[in-house]
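To start, the structure itself, in structure tokens.
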Amino acid sequence: MLSLVVTGVVGFLLVPKKWQHYVVFAAVVLVGLRLAGPEVTARFATTFVGGAERDASAQSRLDLWAGCWDSMLKRPWGVGPDHWPLIAPEYGFPRGKNAHSLWLEIGASLGFPGSFSFCCSTGSA
């Protein structure tokens, strides 16, 4: 859901603005909020709460991302293509656990050169 929000905002910023674009953007936001419903929006809101109120799923993702970043700092050249799931047990996760972030998993697997290459190949640099 977060990626949809970010993609929508970035897409809106890139489109040349006319009054019709503002109307369509507002309509899409309203329809999206309506379709999501109160349960989904309430769960989405838990993503941004502090540490004491954070649910286990959100905390697990943050721990995974911290492990990937630590791996990148310890092994700047990476551990090998698609090898993060193999070293995840070093950070307290079960073998085969993915990082839930493509960017950080690529960074942990392929190091900083792989992250830079991926960033450049997607046009994000």
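For first residues located in segment 69-87 and among the acidic types (Asp, Glu), partners that are crowded, with 18+ Cβ neighbours inside 10 Å and lie 6+ apart or on another chain with Cβ distances below 8 Å form the pairs 82/109. For segment 44-72, the set of residues classified as surrounded by fewer than 11 Cβ atoms within 10 Å (Cβ to Cβ) and either of a type in the set (Gly, Ala, Ser) or assigned to a helix (DSSP H, G or I) (or both) consists of 45, 48, 50, 51, 52, 56, listed by residue number. For segment 1-37, residues that are part of a helix (DSSP H, G or I) and charged (D, E, K, R) total 1.
All of the numbers you see were taken from the coordinates with simple rules; none came from a lab. Here the structure is a predicted model, which is why all the values come from computation and not from measurement. Because the Cβ atoms are built from the backbone with ideal geometry, glycine has one as well, and the counts that use them run over all protein chains shown.
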